[in-house]
1. For segment 168-221, which residues satisfy the criterion of being farther than 19 Å from Thr127 by Cβ, outside any helix (DSSP H, G or I) and of a type outside the set (S, T, N, Q)?
2. Can you find a residue in segment 41-52 that is in a helix (DSSP H, G or I) and touching a Pro at 6+ places or on another chain (Cβ under 6 Å)?
3. Return only the number of the condition from (1) among the small types (Gly, Ala, Ser); (2) within 13 Å of the chain's Cα centre (by Cα); (3) within 23 Å of Lys210 (Cα to Cα) that Ala146 does not satisfy.
4. Regarding segment 77-88, can at least one residue be identified that is in a loop (DSSP other than H, G, I, E, B) and closer than 28 Å to Gln29 by Cα?
5. For segment 59-76: of the residues being surrounded by fewer than 19 Cβ atoms within 10 Å (Cβ to Cβ) and not basic (Lys, Arg), which is nearest to Trp208 (Cα to Cα)?
Amino acid sequence: MKKVSFAVVAVFIATAMFGQTDKFTTAMQSKLSLMDSAKDVNGLKDIGAAFERIGDAEKTQWLPYYYAALANVNAGNQVMSASGMNLSNISDKTDPLADKAEEMLNKAEALSKDNSEIFVVKKMIATLRLMGDPMNRYMTYGPEGAQALETAKKLNPDNPRIYVLEGMDKFYTPEQYGGSKEEAKKLFETALQKYASFKLESNIHPNWGKNLVDGLMAQMK
């Protein structure tokens, strides 16, 4: 009788856990589809807040906080694009988004140590801070971003997003400061090779970046 009871309890617990996991995955997929289609700063900030709420509810999942950070970085990138990517100081607009992204990423890292994907976004945050005031911040956030990307590569050299960001640095940096379209193309080709063999852990794990590479490669043809 006890064996039967224990079996019933075990099935009940497993069913409950599966239901919670399925609900979490569904919620994440819904927000990821919205992030893919978001076109403006406020939309990305709202999606970031939604991911944060999922993280706060789940408590043990790093992915919601990771995507909350990424959404805020992408919002910052939208601000930079609207400014024309010039060298003026727009840190009053970009720093609050970088601050929020860093807050979220710290929560993700507390739940998932030594994670290559997290260090990729650390690089992105450093770049966002740098571009907020390039003339005064290059010597601080340039090396910080490079170190984050180097750590990401040590943790997982097969992560394609590492080579996407390296290529973008070469693509957008003027040649007199170390940029090179030729080197960018080589890095983008490496990224595409990595994407071809990259094994996705689940359908809600990071899988972004290939469209960026395709678009930039098309500009170099």
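All of the numbers you see were taken from the coordinates with simple rules; none came from a lab. No experiment lies behind these values; they were computed from the predicted model shown. For neighbour counting, all protein chains shown are included, and Cβ atoms are generated from backbone atoms with ideal geometry for every residue, glycine included.
1. The answer is Phe198, Lys199, Leu200, Glu201, Ile204, His205, Met220, Lys221.
2. Residues of segment 41-52 that are in a helix (DSSP H, G or I), as a first pass: 41-52.
Next cut, touching a Pro at 6+ places or on another chain (Cβ under 6 Å) only: 51.
For segment 41-52, residues in a helix (DSSP H, G or I) and touching a Pro at 6+ places or on another chain (Cβ under 6 Å): present.
3. (2)
4. Just the residues of segment 77-88 that are in a loop (DSSP other than H, G, I, E, B), to begin with: 83-88.
Retained after the next criterion (residues that are closer than 28 Å to Gln29 by Cα): none.
No, that holds for no residue.
5. Result: Gln61.
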